[in-house]
1. For region 9-123, what mean projected area does the convex hull of the alpha carbons give, in nm²?
2. Using a cut-off of 14 Å between alpha-carbon atoms, which aspartates and glutamates can reach LYS103, once sequence neighbours fewer than 8 places away in the same chain are excluded?
3. Kindly put SER5, SER78, SER13 in sequence by how many other C-beta atoms sit within 10 Å of each C-beta, fewest to most.
4. Within region 27-92, list the trypsin sites (Lys or Arg not before Pro) lying in a DSSP loop whose Cβ has at most 11 other Cβ atoms in a 10 Å radius.
5. Starting from the Kirkwood Rh over alpha-carbon pairs, what translational D in µm² s⁻¹ does region 46-104 have by Stokes-Einstein at 10 °C and 1.306 mPa s?
6. Which distance in nm do the two modelled labels at LYS127 and ARG87 give, with both placed 7 Å along the Cα-to-Cβ direction?
Amino acid sequence: MEQSSLRLIKRCSEYIPLEDINKMPKGLRGIYVLYNFRPKLKNFDVVYVGMTLGGKGGIRGRLKGHRRKKVGLWTHCSIFEVWDNIRNDEIIELEGLFRHIYKFDSRANKLNKQRGFKKLKKVRDPKFWEWDE
């Protein structure tokens, strides 16, 4: 088996132009990010964080769907493929965590916000000073 310095992510490619998504292999599992490039500011604003558990088209299929449904909202994407031994519930947890981070960000795109990540609420403990080391 290949060696990687990361436990969850097998490989990634970042800031891929929208027109290059057809070059991606089918069936990739993992997390993806949609960005809107703002040339004057030279930055990439996050529009959406999503995930796929593989299946028919994988990340490529999801991006093609977003290209049709979210026309004009994004220009680039990043993909983060997970290792084969990463369970689907772990991918879902990663996506939930990333989207939770944007929940109260005033600059976050409405598409990226979610009501909450129930599993994260179950482990929330505001009394961090009482946590064991």
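1. Values: hull surface 31.0 nm².
Result: 7.7 nm².
2. GLU95
3. The fewest-first ordering by Cβ neighbours comes to SER5, SER13, SER78.
4. Values: sites: ARG29, LYS40, LYS42, LYS56, ARG60, ARG62, LYS64, ARG67, ARG68, LYS69, LYS70, ARG87; in loops: ARG29, LYS40, LYS42, LYS56, LYS70, ARG87.
Counting only loop positions with at most 11 other Cβ atoms within 10 Å, the trypsin sites (Lys or Arg not before Pro) in region 27-92 are LYS40, LYS42, LYS56, ARG87.
5. Numbers: Rh = 12.6 Å.
Translational diffusion coefficient: 126 µm²/s.
6. Modelled inter-label distance: 3.0 nm.
Where a number appears in this text, it was derived from the coordinates with a stated rule and is not lab data. Every value quoted in this text rests on a predicted model; they were computed, and no experiment measured them. Quick reminder, even Gly has a Cβ in these numbers, built from the backbone with ideal geometry, and neighbours come from all protein chains shown.
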